[in-house]
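Asker: Below are the structure tokens for one structure; questions will follow.
The values are calculated or read from the model by the stated rules, or taken from the named source; none is laboratory data. Computed from a predicted model, the values in this text were never measured in an experiment. Cβ: placed from backbone, ideal geometry, glycine included. Neighbour counts: every protein chain shown.
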Amino acid sequence: MKLSKAWLVAARDFKIFKHQKNMLYGLVIFPVIISIIPSAILNYAVNRDPPLPAAGIPPILDAFSIFLIIGSAFVPLGIAGYTIVGEKVEKSLEPLLAGPLTDGEILLGKTISAVLPALIAMYTGGVIFMVGTDAVSYPSLNYYYFPNWTIAVILFLGMPAATIMSVEFGVIVSSRVNDVRSATNFGALMFFPFLIIYILGQTKLITLDTETMAKISVILLVIDVVLFFISTALFKREEILTKWK
Amino acid sequence: MIEIDNLSKKFGDLTAVDSISMNINEGEVFGFLGPNGAGKTTTVRMLCTLISKTSGNARISGYNIGDKDDSLKIRKIIGLVPDNVGLSEHLSAYDNLEFFARVHDLSKTERKERIQYFLEMLGLWDKRNVSVGTFSKGMKQKLAIARALIHDPQVLFLDEPTANLDPEAAKTVRDFILDLKKQKKTIFLNTHNLDEAQRICDRIGILNTKLVSIGTPKDLEDAVRVRKTVIELEQVTDSVLKSVQKLSLPNLDVEGNTITFDTIDSGSKNWPIVEAIVHAGGHVNIVKVVGSTLEDVYLKLVGENQ
Ligand SMILES: Nc1ncnc2c1ncn2[C@@H]1O[C@H](COP(=O)(O)OP(=O)(O)OP(=O)(O)O)[C@@H](O)[C@H]1O
Ligand SMILES: [Mg+2]
């Protein structure tokens, strides 16, 4: 397997993405929402009368942080839908499969083309989130809440793991659906486990601390490995041409 | 160049390709003819290592299609234009070619030269930066062939390249294939257009799950050569009809004012028949003997193997 070949496949997708306005909007809107809205809410909370006490700020920031993982699971779905189902609609997979690329190179290329833009968008969102909330909360806390270990675990374990999970899920869904919209709709199912984690956190059944985040990340990584085997089994020339109807 | 040996493909219980054997020589344009569902696409996909074979074997340039390492080598030396062109609609003509040139490891200067060569030849150079989605079907088909040729493959597989094209676009694509033929490219052409096969191909194989027949267009015609005598009359009256029916002619067919039957003894026994018609009061306008066409051969062979 040559990385350079996989990169070619990804680079071609990036060129195609430039023309997919809807997808680009999705790439921008979600990170903007999850980075700007928390700062705005926090800004309201610390400036109202009576203001939110300093001790109340960290739990809110931790709760917001988990949205970075949720976003990481969401954003690549749209891209994975375009990169694989879109290609299926155009029937452009067959010449690609007839070229001197291995199944692994094509799958890796497709994975990169969905993971990379999603992570860049979400990291940008993450940085804006940290800077924005730090700026708003500093006067009350007298220290910068971010960066901290919890967010480090989220940024470097949780977000990539969630992104990869989402893309692999996208590959599996793509093998069964024929239009970009249903691929994305199917992917929305992924929202539920994260919603449950969020609710558990809010109801104090779990605390969203560094340890919990690390555990969640490890679970995500395990799911990644399982999905990896399923998606590579499905992403074979024969399967694609004869069963991906 | 291509050696096929008892190659079969089954999809579950359905046999799509049944034990075909044939060889295609270097520099040959081979036409693979057959009705819908005959297994043409399935055969090409097996040869291009896109789907696995069920049994038998095939080799391209000595590489085995069933072998994993050989598969990659085969894909380096072939070009495929699938039945649905499969271009990236959102990419420009140039980028479509550029991508495949890169996939095939062409150097930067080679890429530039070859892309320009093809786009100029196809009259698409001015549109090189336009999204392929805006192209006509004929332009797309030509571009897809250029894409398949970008790395100068040893064998080019074309799956029904003129289907769904209007006559003019079909002609430009056909002319392009004829150009390639002059350059001695080995071409495997799937088609159900007999006329096209006859005009372009050196040899034709007729497929209907099994390989029904194979040979030059002329071989095939000769193999089932039936010449027909056609007699056109002013009018086929009852008495004329009775008189010809009495002669018990092979495959007699009366349609409107025309009587047709299989020619006996190369036409040297036509005169007694004409005489009988005249005797019965018929006014004969034209008597002619016509040869069988490839279409007759095709329909006959496919019909026999239904
Ligand atoms: N993936 C598949 N699964 C099951 N059956 C298939 C599959 N692909 C093809 N077939 C069957 O195999 C047979 C041969 O199909 P194929 O597409 O090779 O025919 P063809 O000669 O290319 O026909 P056409 O002229 O319509 O393109 C058909 O009966 C078809 O239904
Ligand atoms: Mg076909």
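Asker: Filter the stretch B:130-176 down to the residues that are touching a helix residue (DSSP H, G or I) at 6+ places or on another chain (Cβ under 6 Å), within 16 Å of ligand 2 (Cβ to nearest atom) and part of a helix (DSSP H, G or I) and list them by number.
Answerer: Correct list: B:GLN141 only.
Asker: Quick check: anything in the stretch A:102-111 within 14 Å of chain B (Cβ to nearest Cβ), buried (at least 24 other Cβ atoms within 10 Å of the Cβ) and out of contact with any Lys or Arg (no Cβ under 9 Å at 6 or more places or on another chain)?
Answerer: yes
Asker: Out of B:ALA93, B:ALA58, which single residue is in contact with a strand residue (DSSP E or B) (Cβ under 6 Å, 6 or more places away or on another chain) and more than 9 Å from chain A (Cβ to nearest Cβ)?
Answerer: B:ALA58
Asker: Here is a list: A:PHE194, A:PHE235, A:PHE186, A:PHE169. Which entry is away from ligand 1 (no atom under 16 Å from the Cβ), within 14 Å of another protein chain (Cβ to nearest Cβ) and under 24 Å from A:GLY26 (Cβ atoms)?
Answerer: Among A:PHE194, A:PHE235, A:PHE186, A:PHE169, only A:PHE235 is away from ligand 1 (no atom under 16 Å from the Cβ), within 14 Å of another protein chain (Cβ to nearest Cβ) and under 24 Å from A:GLY26 (Cβ atoms).
Asker: Moving to a separate point now. Being crowded, with 17+ Cβ neighbours inside 10 Å, more than 14 Å from ligand 2 (Cβ to nearest atom) and closer than 18 Å to B:ALA197 by Cβ narrows it down to one residue among B:VAL29, B:VAL44, B:VAL81; which is it?
Answerer: Just a single option satisfies the conditions, and that option is B:VAL29.
Asker: Right, B:ARG111: modelled with pLDDT of 95 or more, away from chain A (no Cβ under 12 Å) and in contact with a helix residue (DSSP H, G or I) (Cβ under 9 Å, 6 or more places away or on another chain) or not?
Answerer: Yes.
Asker: So, of the residues in the stretch A:184-209 that are of a type in the set (A, V, I, L, M) and farther than 26 Å from A:VAL171 by Cβ, which turns out to be surrounded by the fewest Cβ atoms within 10 Å (Cβ to Cβ)?
Answerer: Of everything passing the filter in the stretch A:184-209, A:LEU205 is surrounded by the fewest Cβ atoms within 10 Å (Cβ to Cβ).
Asker: Which ranges mark the helices (runs of 4 or more DSSP H) fully within the stretch B:177-280 that have 2 or more residues being exposed (fewer than 13 other Cβ atoms within 10 Å of the Cβ)?
Answerer: In the stretch B:177-280, B:238-246, B:270-279 are the helices (runs of 4 or more DSSP H) which contain 2 or more residues that are exposed (fewer than 13 other Cβ atoms within 10 Å of the Cβ).
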